[in-house]
Each structure stands twice: as C-alpha cells, then as structure tokens.
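Q: Sharing a structure below in structure tokens format, with a few things to ask.
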Amino acid sequence: MKQKLVFIVEDEQSLQALMEHWITRTWEYKSRVFTQGEECLEHLDEHPDIVLLDMMLPGISGAETLKAIKEQHPEIPVIILSAQASIQVALETLKLGAIDYFSKPVEFPKLKIAIENALQLNELTKQVQLLRENLEKQVHFDNIIADSSEMREVFRLVNKVKDSDIAVTVLGESGTGKELIARAIHFNGNRKTGPFVVVNCASIPHDLLESELFGHEKGSFTGAHQRRIGKFEQANGGTIFLDEIGELDLTLQAKLLRVIQQKQFDRVGGTETITTDARIVTATNRDLRQQVADKLFREDLYFRLSTFPILLPPMRQRRSDILLLAEHFLKVFAESHGKKGLGFSRKVLKLLYEYPWPGNVRELENSIQRAVVLTDGNEIRETDLPLAIQAYAEDPAKAQVDAVLFEDGTAIVPFEKMKEQAIKHALKITEGNIAEAALRLKIGRATLYRLMQKYKIKG
C-alpha cells in the first residue's frame, strides 16, 4: 500500500521536529515540512493525503492558506493547529473547510486518531467519486447496481441459469433484493418476452392463496361469483416468482410439487386438468432445511426447489456496494424532490459504509429517501439519517445490540433509546439551553432534568 504523505505547515522549529518525529517514525507516514503557507501551496501538485496547518504563519495566514487549498484541491483534508484555544476561531476554520481543529500544545494520541479518521474519510470520498464516474459501467442486471465480488458471483450464477427451465431458489435476508434477482433471471433469459408474475405467499391469507395460485371455478366457494384465472395460468410461457415460499402450508406444497413435476394443476372446484409452461423461481429468508426437520416443509419439495440455489449476501458482507447504492439512491431521490446537486458529508459517507444495515438494501434506500426529504442544505448530514443510524454513530457496540429489524425491513431502536437520542439532539441544537430544549421537546423542565439524570446526559 502506498505510504500516506502528510504536509506539516508550521514555523515553530521545536514543534516541527516533534511533529515530524511522531508522523514519520512513530506513525510511519511520509512527511514534508513547510514554514510558510506559500511554500505549501506551491507543492500541492505532490498530492498530499492530509495537511496539518498552523494558523499563525509568516506571510499569508493559516486561514488564507486553508482557503487557497480548498479552492485548488477541495478533496485534501486539512487539520488546523492553533495557539488560540477559541471556539470562534475553531468554528471559522471549520466553515472554511477544515476537517478538524486542535489547540496547542497538541495532544498527539488524539491527533493520530484525527489523522486516521481524516485519511479514511478521504479514501471513501475518492471511492465515491470513482463510483460516480463509473456508475453506468458497472455490472448490473435490470435495476441491480453492484460491483462487489460477492454480487459478481451472483450475476455469474444468473447468467448460467437464465436460459434454463430448472427451478431456482433465491436465498437471503429480508431486504436484500431477492425479487430483483428473479427479475434478472427472467428478463435476461429466453423467456423475457413472456409474462413475469409475482406472488408474495406471506401477504395473501392462507384460505385465498390456493385460488390466487391456481384459480377457481364459479361457485366453488362462497363469493366465487365467476371463474378466475390463477397466477400459474397467467405466467404460462414466462416466469412465476413465489416469494416467501416457506409460508405455504403442506396442502399447497403438495400441489406445487405436482406443478413442478408434471406442469399440471386443477383450479379450485374444477375438474379440468390445466397445463402450464411457467418457469418457477422461488425465494425465502427462512431455513427450509430446518422447516423440513420440523415437519413444516415437504422434503421432496425442498429437494426440488434447492436444485439451483442462489445465495444473495446481506449488505454487511458486500460493503463495497454500499456507497455505490447510496449514490444511486441519492441521485434518484434528489432528482424526484427537485434537489439536484445534493451530496453526502464525509462523516455520513463513513457512517453509511460502517453501519451494519440489518434491513439491507431496503433499509438503505428508505434511509436515503428520508434524508433527502429532511435536508435543507447541499449535503446529507448525520442528523438527516434515521435514529437507528445516528445511535450507531454514537455507540456502535450498543446500537448493534439495541437495533431492531422492523417488518418492512427497516431498522429501529427501542422507544427508550429514541427518547435518549431526542434529548441529546435537542440539547445539541439549543447549545445546552435546558429551558429551550424542554420547550422544543414539549415537556417540562423538571421532566427533562429527570430524564437527563436517568440517561446520564450532562447538561
């Protein structure tokens, strides 16, 4: 791996030597030392990975140097070092584009952490830029956007099976995009001109599911006022996608097995045997093998369906796709909400990359859509993201335990955790003003004090 280059812009010789020692010998980065801002600007074509910049310099000031760096190379992270321990000065430098601020004397262990974070954020920013430039070139099927090795393996399997009539089962957690894989198999194969019919076995009441799949004859049950054509007939010559196949009861499993083996079925209440040429693709997030052991799923059907399994990995196992997908969703939702040119802050990029995404692609999509709606600026910030992700940013270990997967695939945090986050956010927005925070939270000050004590929140 290429050794990172750190520019040190500092006119105090003793601090120069100390910083150079820490950076080159202890932290093992390359370094270049400059005593003036003008010298630093003349060498920016060496593409430093980070700049440590003193505010009080001979010649042009640190603030002017920072402004010039950001105008010429906005991607280079800059950490400000200043003898003035002033909040006002810190805020001004951050507004000019500095990524962090340290007052002197510098605490080197903390500086090391800041440099590491800045370098990581910079790498993520470069990666996003590369993804933006190559978005249309990435391997994809239909609406699937991915470039990870794990998804390339999925695409390889889709290519192998797309022109075959073999039964395929797509396995994966909720929200990973199993229906998109089924669509990719259909629309990239030799059945693409035929119908693609979707049946979610979990969303249809059990007493209506048989009619939904196979149709019924007039008068076959109460409310059957006319003949109905089922999904298997509608899918003739194309593909039927049975999502959540593990929800079928044993009676319907037997009928499905007949369709797979003989390509035949009967409508509910009918005597005519109907033939179908529908290709069957199924999906589940359940462990069918365990259901077989528990006598909840037919073993013969299981072996029929598992002839060609395709395992769709969760987002946490294909992190290289996270930023690619986030950029895609941002572009789509920004355009639909009239907010073109919207981007992510560096901290949000890092957070999106590190968050475990228990709700997978669906949670990522919902989170970006929510953030686009909420943001009032030119970038998505942490406060625009769902509370579960904000909680992860504050305490990754605890948030991973506390996060709960909702039925629609999104992640939430328990109500107590939401209250704690709301109080912290209110105090942050009001800069610690208890009365104002209580007013905005619409609770009494005494209640706020009690909750702050409960959650160990300092005022």
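The values are calculated or read from the model by the stated rules, or taken from the named source; none is laboratory data. It should be emphasised that the depicted structure is a prediction, and the values quoted were computed from it without experimental measurement. Positions of Cβ are generated from backbone atoms using ideal geometry, with glycine treated the same way; all protein chains shown enter the neighbour counts.
Q: Which of the numbered conditions does residue 437 fail, given that it passes all the others? Conditions: (1) surrounded by 17 or more Cβ atoms within 10 Å (Cβ to Cβ); (2) touching a Gly at 6+ places or on another chain (Cβ under 8 Å); (3) of a type in the set (Gly, Ala, Ser).
A: So residue 437 meets the others, but not (2).
Q: Also, I was wondering about something else. Could you tell me which numbered condition residue 77 fails, if it satisfies all but one of (1) in contact (Cβ under 8 Å) with a residue 40 or more places away in the chain; (2) of a type outside the set (A, V, I, L, M); (3) more than 25 Å from residue 2 (Cβ to Cβ)?
A: Condition (3) is where residue 77 drops out.
Here is a yes/no grid of residues against (1) among the aliphatic types (A, V, I, L, M); (2) buried (at least 19 other Cβ atoms within 10 Å of the Cβ):
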{"position": "340", "(1), (2)": "no, no"}
{"position": "344", "(1), (2)": "no, yes"}
{"position": "352", "(1), (2)": "yes, yes"}
{"position": "357", "(1), (2)": "no, yes"}
{"position": "361", "(1), (2)": "yes, yes"}
{"position": "371", "(1), (2)": "yes, yes"}
{"position": "376", "(1), (2)": "no, no"}
{"position": "379", "(1), (2)": "no, no"}
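Q: Looking only at residues in segment 410-434 that are crowded, with 20+ Cβ neighbours inside 10 Å and assigned to a loop (DSSP other than H, G, I, E, B), which one is modelled with the lowest pLDDT?
A: Among those that are crowded, with 20+ Cβ neighbours inside 10 Å and assigned to a loop (DSSP other than H, G, I, E, B), it is 410.
Q: A further question on this structure: For segment 1-80, which helices (runs of 4 or more DSSP H) that fit wholly inside it have 1 or more residues that are within 39 Å of the chain's Cα centre (by Cα), within 20 Å of residue 100 (Cβ to Cβ) and hydroxyl-bearing (Ser, Thr, Tyr)?
A: Helices (runs of 4 or more DSSP H) meeting the threshold: 62-72.
Listed here are the residues, each with its yes/no results for (1) within 19 Å of residue 174 (Cβ to Cβ); (2) buried (at least 17 other Cβ atoms within 10 Å of the Cβ); (3) in contact (Cβ under 8 Å) with a residue 24 or more places away in the chain; (4) touching a strand residue (DSSP E or B) at 6+ places or on another chain (Cβ under 7 Å).
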{"site": "288", "(1), (2), (3), (4)": "yes, yes, yes, no"}
{"site": "294", "(1), (2), (3), (4)": "no, no, no, no"}
{"site": "297", "(1), (2), (3), (4)": "yes, yes, yes, no"}
{"site": "300", "(1), (2), (3), (4)": "no, no, yes, no"}
{"site": "309", "(1), (2), (3), (4)": "yes, no, yes, yes"}
{"site": "315", "(1), (2), (3), (4)": "yes, yes, yes, no"}
{"site": "318", "(1), (2), (3), (4)": "yes, yes, yes, no"}
{"site": "328", "(1), (2), (3), (4)": "no, yes, yes, no"}
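Q: In addition: What number of residues within segment 152-172 are over 21 Å from residue 301 (Cα atoms) and surrounded by 15 or more Cβ atoms within 10 Å (Cβ to Cβ)?
A: 5
Q: With the requirement that a residue be under 20 Å from residue 24 (Cα atoms) and part of a strand (DSSP E or B), what does segment 101-119 give you?
A: 102
Q: While we're on this one: Could you say which residue among 49, 100, 45 is surrounded by fewer than 22 Cβ atoms within 10 Å (Cβ to Cβ) and farther than 19 Å from residue 117 by Cα?
A: Answer to the check: 45.
Q: Might you check whether a residue that is in the same structural domain as residue 9 (by TED's automatic domain parsing) and on the phi > 0 side of the Ramachandran plot occurs anywhere in segment 105-125?
A: Among the residues of segment 105-125, not one is in the same structural domain as residue 9 (by TED's automatic domain parsing) and on the phi > 0 side of the Ramachandran plot, which makes the answer no.
Q: Hey, which of the helices (runs of 4 or more DSSP H) in segment 310-404, taking only ones fully inside, have at least 2 residues that are β-branched (Val, Ile, Thr)?
A: In segment 310-404, the matching helices (runs of 4 or more DSSP H) lie at 322-336, 360-374.
Q: Return the residues of segment 81-100 that are among the hydroxyl-bearing types (Ser, Thr, Tyr) and assigned to a helix (DSSP H, G or I); say none if nothing qualifies.
A: Scanning segment 81-100 gives a single hit, 93.
Q: Still on this structure, I have one more. Pairs only if they're at least six apart or on different chains, beta carbon under 6 angstrom, first in segment 275-286 and free of Cβ contacts under 8 Å to residues at least 40 places away in the same chain, second in a strand (DSSP E or B) and surrounded by fewer than 23 Cβ atoms within 10 Å (Cβ to Cβ); list them, first residue then second.
A: Partner pairs satisfying both residue conditions: 275/264.
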